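*Asks:* Got a structure for you, questions after.
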Amino acid sequence: MKRELEAAAIALLASLAVGSLLVLAAGQSPGHVWWQMLVRTCSSEYDLGQLLYKATALTFTGLGVALALDAGLFNIGAEGQLAAGVLACAMVGTALPEGTPAIVAIPACALAAAAAGGAIGALIGALRVARGAHEVITSIMLNAIVAGIALWIGNQYVFANGTTTGRAIAPGAQLPGLGLGGSAANAALVLALAVAGAMWWLRARTTWGQAWRAVGSDREAARSVGIAVSRVQVLVMTGSGALCGLAATSFVLGHKHAYEQGLGTGTGFLGISAALLGRVHPVGVVAAALVLGFLSSGGLAVGDLVPKELTEMLQGVVVLAIAAAVPIVRRAP
Amino acid sequence: MIEAALTKRYGGREVLRAAKLEVAAGSVHALVGENGAGKSTLVKIVAGIVRADGGTLAIGGKRIDLARWDRVAARAAGIGIVQQHGAFAGTLSVVENAVLGVERGPILELAPVARALAELGERVGLPIDPWVRANELPLGAAQRAEIVTALHHGAKLLVLDEPTAVLAPVEVDGLLATLRRLAREGTTIVLVTHKLDEVRQVADAVTVLRAGESVARFAGELDIRVIARAMVGAELPEPARVEAPRDDAAPALECIGVGVGAALAGVDLAVRRGELVGVAGVDGNGQRELALAIAGLAPHAGRVRIAGRDVSAEPPARRLAAGLAYVPEDRHHGGLVLDASVADNLALGRRDVTGAFRIDRARVARFAAERIAELDVRPPDSAALARELSGGNQQKLVIGRELSRPSLAAVVAAQPTRGVDLGAVARIHDRLRAAARAGAGVLVISADLDELLVLCHRIVVLLRGRIVGTAGERAALGALMTGAAR
């Protein structure tokens, strides 16, 4: 636990150092830029709200990737699972009758999102278990396939004439916003935190968590004590996909209230960063999502000082740093 | 030849505390001690592989500057070492390995070196083929090649770290004879081992290490019991044998025509309730596959019955539920989750302890405390990571988890004490005996004949995937294991 924190702290400090060099290269004083980033984000309700909005979706995809990593599987298909979730969520939302009450509509849309993402995860897991196809290969390939299918379905059935936007979902399916200066932050944040809590509990306190972590640490040991490794792998990939799909609740139900081409793009890949930075722990993932959300929201806030590509580079630097920091901490006695 | 008093710390832990080693030139000197006593560290410092933190070292009467003592200096001073797991690069030939790190120029002249190696091998009675790739050599041959290479580099002092751990009994005898001959011809030998039989056979003198200190040095007539007492610091009680079950005792474990690919060819084997049956054999003759097949971890032909119930088509979980306990041969791959805690490892897969879904943490803690007390796991800390424990204590976790299964009918223990120190061996053997006394049939698969001889009622021998016979004493077993018996 302590080591995990150390690794994350070292990574963040290293990223800060590299980021400072980038800022210098952009001709600005690093101290000034970091301070402004903090001050402007914290002092503007809108920027804080945007931070939370970004962090909400990142928590879902981060938890999804972390669940797979915990079981020794690398799901880099979060992007595709999220795209499928967004489409399914919106399609169910628009198909619901106008007067559907929230108590039915919201769970229905959330379930559709989870089911769509989960189905893709299950396919990846099944290919791994039945055919030995490596999940990194299949999941990244499925990203492309899902994107293509989503676009085709969008064109055929969803998009209003000549646009890349679908009809609005039923009012009952819309999640309320959190206010916060007109930002996109919405009640999906509560769902994300609840899911993170549930993940923590499952992981630490149940035989399911024990089983998937055993599979992740030592497949042979898991097998020899009678854990059905293949079944665990398929279920974990299904769950991982479902969690990624759930990010749609923030995008569709909480913010846009409709399907849009490309809605949520990038959140899947950034979820990998959140999982790695959060060291696969549910609480860590939430914290990492906030940090990454701060980087992208804060980056926009100081857009007049430094180019916006800087924040994208920083997010990459954070992942590199965490990958490099873990062995340093591991080696210490 | 060697006069050493060395200190070494890893992190905050002192693994050597001014550990003394005095070796006379031209002698065979045994360095014995339990796992973790510091034997390997001590010889690695002498051979320049590990740097000392303090102390003194003199080689051939010359005081060594420890700060500059590395492998190159040690090799130049005539110190060769053959390490536990072999140091040859697998994809290179023996001769290429022999010049690795020694040859200075850019152009390799291999042929003369190969000729020299082959000749030297003939002369000292260790024939080798210098052109074979190291990973194609059987373990015994690879070890011979390493010894010849060390001598070729001009070693006057040869250090061997647990060289017999990987050898068949016949190969062990050959190696020990070679060591004696080398010593007669003037090479000094330091033999690291924990097998006291070998010490008696070959050593002129013995140094005993315990917890990083040299606690005794013996020369001349060696009394094994005295050495053993010095190693563990206490007398090991003579264990009471388990009475053999009656002939009509119910079957606990039955294998009927069990086969796995080409490695295991139709093995028939039955273990009765209360019986301890040993499976002997040189590593790689189907022992591994037999254990995996019984546990349901490898697809197999034939039938497996546990407590009379046919489980041939059932997955591992069902076999365990039918009353099987399975101790895999490698605690690091299959036995334990090294990054999980002691308590989590003890409860791993044990739904009877954890509960079906929500983990009953109080019960897990109680269960872990019981197992820790039962097997004297050290440190007695259920929150420690399995990785932080010594090999012997790690193995106690596997034994503790498996042998405490409810309604235990059959135990398959593969290499239950491999790389485990004497104190832990005694605990583990006691636990296996207790399982038999309580009515389980115990199958012990081991490369260590001594272990099987002290534990088992009956020992069968596996050779090339078949059971080739049953025997009750060392020579007959050795003959069966190598195919010499007909």
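*Asks:* Run B:Glu14 past the list (1) within 14 Å of chain A (Cβ to nearest Cβ); (2) under 29 Å from B:Leu120 (Cα atoms); (3) not aromatic (Phe, Trp, Tyr) and report the number of the one that doesn't hold.
*Replies:* Checking B:Glu14 against (1) within 14 Å of chain A (Cβ to nearest Cβ); (2) under 29 Å from B:Leu120 (Cα atoms); (3) not aromatic (Phe, Trp, Tyr), the one that fails is (2).
*Asks:* Any residue in the range B:284-293 that is within 12 Å of chain A (Cβ to nearest Cβ), out of contact with any Asp or Glu (no Cβ under 8 Å at 6 or more places or on another chain) and either part of a helix (DSSP H, G or I) or closer than 25 Å to B:Leu389 by Cβ (or both)?
*Replies:* Yes, there is a match, as at least one residue in the range B:284-293 is within 12 Å of chain A (Cβ to nearest Cβ), out of contact with any Asp or Glu (no Cβ under 8 Å at 6 or more places or on another chain) and either part of a helix (DSSP H, G or I) or closer than 25 Å to B:Leu389 by Cβ (or both).
*Asks:* For the range B:294-305: of the residues being touching a residue at least 40 places away in the same chain (Cβ under 8 Å) and within 13 Å of chain A (Cβ to nearest Cβ), which is farthest from B:Ala250 (Cα to Cα)?
*Replies:* Filtering the range B:294-305 for residues that are touching a residue at least 40 places away in the same chain (Cβ under 8 Å) and within 13 Å of chain A (Cβ to nearest Cβ), the one farthest from B:Ala250 (Cα to Cα) comes out as B:Ala295.
*Asks:* Condition first: of a type outside the set (Ser, Thr, Tyr) and within 10 Å of A:Gly80 (Cβ to Cβ). Now tell me which residues in the range A:117-146 satisfy that.
*Replies:* Passing the criteria: A:Gly117, A:Ile120, A:Gly121, A:Ile124, A:Ile140, A:Met141, A:Leu142, A:Asn143, A:Ala144, A:Ile145, A:Val146.
*Asks:* Take B:Ala414 and decide whether it is within 30 Å of B:Gly259 (Cβ to Cβ) and either hydroxyl-bearing (Ser, Thr, Tyr) or touching a residue at least 12 places away in the same chain (Cβ under 8 Å) (or both).
*Replies:* So B:Ala414 passes the test.
*Asks:* Go through (1) outside any helix (DSSP H, G or I); (2) farther than 20 Å from B:Val304 by Cβ; (3) not polar (S, T, N, Q) for B:Gly439 and report which single condition fails.
*Replies:* B:Gly439 satisfies every listed condition except (2).
*Asks:* Which of the following residues is among the charged types (D, E, K, R), buried (at least 22 other Cβ atoms within 10 Å of the Cβ) and under 30 Å from A:Arg219 (Cβ atoms): B:Arg305, B:Arg319? It would help to see each step written out before you state the result.
*Replies:* Values: B:Arg305 fails: buried (at least 22 other Cβ atoms within 10 Å of the Cβ).
Only one candidate qualifies: B:Arg319.
*Asks:* Got at least one residue in the range A:286-294 being outside any helix (DSSP H, G or I) and aliphatic (A, V, I, L, M)?
*Replies:* Within the range A:286-294, the subset outside any helix (DSSP H, G or I) is none.
Looking for residues that are outside any helix (DSSP H, G or I) and aliphatic (A, V, I, L, M), one finds none in the range A:286-294, hence no.
*Asks:* How many residues does the range B:315-341 contain that are β-branched (Val, Ile, Thr) and modelled with pLDDT under 95?
*Replies:* 1
This table checks each residue for (1) among the small types (Gly, Ala, Ser); (2) over 20 Å from A:Gly216 (Cβ atoms).
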| position | (1), (2) |
| --- | --- |
| A:Ala78 | yes, no |
| A:Ile103 | no, yes |
| A:Ala114 | yes, yes |
| A:Gly118 | yes, no |
| A:Ile124 | no, no |
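*Asks:* A further question follows. What are the residues in the range B:315-337 that are in a loop (DSSP other than H, G, I, E, B) and at the interface with chain A (Cβ under 7 Å from one of its Cβ atoms), if any?
*Replies:* B:Pro315, B:Pro328, B:Leu336, B:Val337
*Asks:* Residues of the range B:90-115 being modelled with pLDDT of 85 or more and more than 21 Å from B:Glu136 (Cα to Cα), which ones?
*Replies:* Correct list: B:Pro112 only.
*Asks:* Which residues, counting only those in the range B:185-207, are part of a helix (DSSP H, G or I) and in contact (Cβ under 8 Å) with a residue 40 or more places away in the chain?
*Replies:* Correct list: B:Leu196, B:Asp197, B:Glu198, B:Val199, B:Val202.
*Asks:* Looking only at the range B:123-150, count how many residues are assigned to a helix (DSSP H, G or I) and surrounded by fewer than 20 Cβ atoms within 10 Å (Cβ to Cβ).
*Replies:* Counting residues in the range B:123-150 that are assigned to a helix (DSSP H, G or I) and surrounded by fewer than 20 Cβ atoms within 10 Å (Cβ to Cβ) gives 7.
*Asks:* Right, here's the next one. Residues that are modelled with pLDDT under 95, closer than 25 Å to B:Glu243 by Cβ, touching a Gly at 6+ places or on another chain (Cβ under 6 Å) and of a type in the set (A, V, I, L, M): does the range B:375-388 have at least one?
*Replies:* Initially, the range B:375-388 is screened for residues modelled with pLDDT under 95, giving B:375-388.
Keeping just the survivors that are closer than 25 Å to B:Glu243 by Cβ gives B:375.
Okay, now just the ones that are also touching a Gly at 6+ places or on another chain (Cβ under 6 Å), so B:375.
Applying the additional criterion that residues be of a type in the set (A, V, I, L, M) yields B:375.
Checked against the condition, which is being modelled with pLDDT under 95, closer than 25 Å to B:Glu243 by Cβ, touching a Gly at 6+ places or on another chain (Cβ under 6 Å) and of a type in the set (A, V, I, L, M), the range B:375-388 yields at least one hit.
*Asks:* Another one. Given the conditions (1) assigned by TED's automatic domain parsing to the domain that holds B:Leu455; (2) under 30 Å from B:Leu196 (Cα atoms); (3) part of a helix (DSSP H, G or I), report the number of the one that B:Ala228 does not fulfil.
*Replies:* Going through the list (1) assigned by TED's automatic domain parsing to the domain that holds B:Leu455; (2) under 30 Å from B:Leu196 (Cα atoms); (3) part of a helix (DSSP H, G or I), B:Ala228 breaks only (1).
*Asks:* Before we move on, is B:Glu275 out of contact with any His (no Cβ under 6 Å at 6 or more places or on another chain) and either closer than 30 Å to B:Arg303 by Cα or surrounded by fewer than 18 Cβ atoms within 10 Å (Cβ to Cβ) (or both)?
*Replies:* Criteria not met by B:Glu275.
*Asks:* Among the residues of the range A:220-230, how many are free of Cβ contacts under 8 Å to residues at least 40 places away in the same chain and more than 7 Å from chain B (Cβ to nearest Cβ)?
*Replies:* Looking only at that region, the number is 2.
*Asks:* Would you be able to say whether some residue in the range B:237-246 is touching a strand residue (DSSP E or B) at 6+ places or on another chain (Cβ under 7 Å), surrounded by 14 or more Cβ atoms within 10 Å (Cβ to Cβ) and outside any loop (DSSP other than H, G, I, E, B)?
*Replies:* No: zero hits.
*Asks:* Taking the condition within 14 Å of chain B (Cβ to nearest Cβ), assigned to a helix (DSSP H, G or I) and either buried (at least 21 other Cβ atoms within 10 Å of the Cβ) or small (Gly, Ala, Ser) (or both), does A:Trp208 pass? So that I can check it myself, show each step before the final result.
*Replies:* Numbers: within 14 Å of chain B (Cβ to nearest Cβ): yes; assigned to a helix (DSSP H, G or I): yes; either buried (at least 21 other Cβ atoms within 10 Å of the Cβ) or small (Gly, Ala, Ser) (or both): no.
No, not satisfied.
*Asks:* Quick check: anything in the range B:99-116 buried (at least 21 other Cβ atoms within 10 Å of the Cβ), within 30 Å of the chain's Cα centre (by Cα), assigned by TED's automatic domain parsing to the domain that holds B:Arg184 and over 30 Å from B:Gln395 (Cβ atoms)?
*Replies:* no
The rows are residues; the columns are (1) part of a helix (DSSP H, G or I); (2) among the charged types (D, E, K, R); (3) more than 14 Å from the chain's Cα centre (by Cα); (4) modelled with pLDDT of 95 or more.
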{"position": "A:Thr56", "(1), (2), (3), (4)": "yes, no, no, yes"}
{"position": "A:Thr59", "(1), (2), (3), (4)": "yes, no, no, yes"}
{"position": "A:Ala66", "(1), (2), (3), (4)": "yes, no, no, yes"}
{"position": "A:Pro97", "(1), (2), (3), (4)": "no, no, yes, no"}
{"position": "A:Ala105", "(1), (2), (3), (4)": "yes, no, yes, no"}
{"position": "A:Leu111", "(1), (2), (3), (4)": "yes, no, yes, yes"}
{"position": "A:Ala116", "(1), (2), (3), (4)": "yes, no, yes, yes"}
{"position": "A:Gly121", "(1), (2), (3), (4)": "yes, no, yes, yes"}
{"position": "A:Ile124", "(1), (2), (3), (4)": "yes, no, yes, yes"}
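*Asks:* Are any of the residues in the range B:143-161 more than 21 Å from B:Ala177 (Cβ to Cβ), modelled with pLDDT under 85 and of a type in the set (S, T, N, Q)?
*Replies:* No - not one qualifying residue is present in the range B:143-161.
*Asks:* Separate question: Mind listing whichever residues of the range B:190-201 are crowded, with 21+ Cβ neighbours inside 10 Å and more than 15 Å from the chain's Cα centre (by Cα)?
*Replies:* Listed by number, the residues that qualify are B:Val190, B:Leu191, B:Val199.
*Asks:* Would you be able to say whether some residue in the range B:36-52 is within 14 Å of another protein chain (Cβ to nearest Cβ), farther than 29 Å from B:Ala177 by Cα and either surrounded by 19 or more Cβ atoms within 10 Å (Cβ to Cβ) or at pLDDT 85 or above (or both)?
*Replies:* Within the range B:36-52, not a single residue is within 14 Å of another protein chain (Cβ to nearest Cβ), farther than 29 Å from B:Ala177 by Cα and either surrounded by 19 or more Cβ atoms within 10 Å (Cβ to Cβ) or at pLDDT 85 or above (or both).
*Asks:* Tell me, which residue of the range B:339-354 that is more than 10 Å from chain A (Cβ to nearest Cβ), within 28 Å of the chain's Cα centre (by Cα) and assigned to a helix (DSSP H, G or I) is surrounded by the fewest Cβ atoms within 10 Å (Cβ to Cβ)?
*Replies:* Checking each candidate, the answer is B:Ala343.
*Asks:* Out of the range B:208-225, which residues are surrounded by 13 or more Cβ atoms within 10 Å (Cβ to Cβ) and part of a loop (DSSP other than H, G, I, E, B)?
*Replies:* If the condition is that a residue be surrounded by 13 or more Cβ atoms within 10 Å (Cβ to Cβ) and part of a loop (DSSP other than H, G, I, E, B), then B:Ala211, B:Gly212, B:Leu222 are the ones that fit.
The values are calculated or read from the model by the stated rules, or taken from the named source; none is laboratory data. As the structure is a computational prediction, the values presented were derived from the model and not from experiment. Don't worry about glycine lacking a Cβ; one is built from the backbone with ideal geometry, like all the others, and counts go over all protein chains shown.
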